[in-house]
Amino acid sequence: MKIGIIGAGNIGGNLTRRLTALGHDVSVANSRGPHTLTALAEETGATPVVVTDAARDAEVVVVTVPLKAVPGLPSGLLDGAAEGVAVIDTGNYYPQQRDGRIAAIEDEGLTESRWTAQQIGHTVIKAFNGTYAQDILDRHRPAGAPDRMALPVAGDDEAAKRVVRDLIDELGFDTVDAGGLDDSWRQQPGTPVYGLQRGLEAVTKALAEASPERTPDFRG
């Protein structure tokens with residue numbers, strides 16, 4: 001599969017490592033330019049590109065940048081992507097720690113991924129936002145393993161969600177359908193499922209126990 005990754009931090013870098021190891025054709029971009037990705041490219045065989053080329057012909061695009069950087073992504077970012085491209089949003093809103101206050105999220109009640117979808121002009125699938133980056137490398141397990149972790153996945157596009165869930169299964173994790181983007185608050189920072197390293201039953205229970213009220217640590 002042709003996969004574009006925008007953002008080469010902890011999550012983006014480790015997804016690059018695992019996806020290339022599984023045989024996918026990965027292009028990776030960051031805000032500093034392809035010349036800063038030489039080491040990652042040599043390690044993984046991924047192709048370093050400029051941000052505007054990351055989605056070219058891609059069937060899956062992973063947007064894994066700080067939320068405050070999303071509005072600065074180039075317009076037409078997905079113009080060259082494959083038809084029906086599935087866009088994964090791994091982002092989280094950290095108003096006090098990094099992003100500053102975003103009124104549409106706090107005052108209008110938009111979920112973080114709904115806001116991101118509006119910024120990039122394309123619906124997204126929320127996944128990996130509560131996953132520890134090291135777990136992507138260390139905690140993958142074959143299907144049916146008793147200690148296989150499960151990840152929540154939310155999105156409105158059912159076909160794209162299926163592509164993403166199948167890809168996560170290939171990466172070595174179970175998935176739980178967390179609903180549409182307007183339900184994705186259940187996996188935002190401060191909720192019971194955020195950072196949970198457990199299986200299907202525990203993740204399903206944690207999603208059900210979530211409160212839509214933001215905890216003080218995650219309000220601007």
> When segment 60-72 is examined, which residues are found to be surrounded by fewer than 20 Cβ atoms within 10 Å (Cβ to Cβ) and either in a helix (DSSP H, G or I) or touching a residue at least 40 places away in the same chain (Cβ under 8 Å) (or both)?
Replying inline: 68, 69, 71, 72
> Does residue 217 satisfy being modelled with pLDDT of 95 or more and either farther than 20 Å from residue 116 by Cβ or part of a helix (DSSP H, G or I) (or both)?
Replying inline: no
> part of a loop (DSSP other than H, G, I, E, B), in contact (Cβ under 8 Å) with a residue 24 or more places away in the chain and among the hydrophobic types (A, V, I, L, M, F, W, C): does that describe residue 55?
Replying inline: yes
> Somewhere in segment 146-160, is a residue within 14 Å of the chain's Cα centre (by Cα), in contact (Cβ under 8 Å) with a residue 40 or more places away in the chain and surrounded by fewer than 22 Cβ atoms within 10 Å (Cβ to Cβ)?
Replying inline: yes
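Please work out which residue is most open to solvent (accessible area, probe 1.4 Å), limiting yourself to segment 102-132 and to residues that are within 17 Å of the chain's Cα centre (by Cα) and aliphatic (A, V, I, L, M).
Taking segment 102-132 first, the residues within 17 Å of the chain's Cα centre (by Cα) are 111-132.
From the residues that got through so far, the ones that are aliphatic (A, V, I, L, M) too are 117, 120, 124-125, 127.
Numbers: 117: 12, 120: 36, 124: 2, 125: 2, 127: 0 Å².
The selected residue is 120.
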> Does residue 163 count as in contact with a Leu (Cβ under 9 Å, 6 or more places away or on another chain), in contact (Cβ under 8 Å) with a residue 40 or more places away in the chain and under 19 Å from residue 11 (Cβ atoms)?
Replying inline: no
> Out of all the residues in segment 76-101, which are surrounded by fewer than 13 Cβ atoms within 10 Å (Cβ to Cβ), at pLDDT 95 or above and either of a type in the set (Gly, Ala, Ser) or closer than 16 Å to residue 113 by Cα (or both)?
Replying inline: 84, 100, 101
> When residues of segment 73-119 are filtered for being among the basic types (Lys, Arg) and outside any helix (DSSP H, G or I), how many remain?
Replying inline: 1
>> Name the residue that is nearest to the chain's Cα centre (by Cα), counting only residues in segment 1-51 that are charged (D, E, K, R) and open to solvent by less than 60 Å² (accessible area, probe 1.4 Å).
In response: 18
>> With the requirement that a residue be open to solvent by 50 Å² or more (accessible area, probe 1.4 Å) and under 18 Å from residue 142 (Cα atoms), what does segment 162-203 give you?
In response: 166, 169, 170, 197, 198, 200, 201
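Take segment 131-145 and flag every residue that is part of a helix (DSSP H, G or I), touching a residue at least 40 places away in the same chain (Cβ under 8 Å) and either closer than 18 Å to residue 192 by Cα or out of contact with any Leu (no Cβ under 7 Å at 6 or more places or on another chain) (or both).
Here is the first cut: in segment 131-145, the residues part of a helix (DSSP H, G or I) are 133-138.
Checking the rest, the ones that are also touching a residue at least 40 places away in the same chain (Cβ under 8 Å) come to 133-137.
Once the filter is applied, which keeps residues that are part of a helix (DSSP H, G or I), touching a residue at least 40 places away in the same chain (Cβ under 8 Å) and either closer than 18 Å to residue 192 by Cα or out of contact with any Leu (no Cβ under 7 Å at 6 or more places or on another chain) (or both), segment 131-145 yields 133, 134, 135, 137.
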> So residue 206 clears everything in (1) free of Cβ contacts under 8 Å to residues at least 60 places away in the same chain; (2) surrounded by fewer than 20 Cβ atoms within 10 Å (Cβ to Cβ); (3) of a type in the set (Gly, Ala, Ser); (4) in a helix (DSSP H, G or I) except one condition, right? Which one?
Replying inline: (2)
>> Among the residues of segment 176-197, are any assigned to a strand (DSSP E or B), under 17 Å from the mean Cα position of the chain (by Cα) and touching a residue at least 24 places away in the same chain (Cβ under 8 Å)?
In response: yes
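The values are calculated or read from the model by the stated rules, or taken from the named source; none is laboratory data. These numbers were taken from a predicted model, which means no experiment stands behind them. Using ideal geometry, Cβ is built from the backbone for each residue, glycine included, and neighbour counts are taken over all protein chains shown. Surface areas here come from the heavy atoms of the whole protein model, side chains and all, with no ligands, DNA or RNA. Shrake-Rupley method; radii C 1.70, N 1.55, O 1.52, S 1.80 Å.
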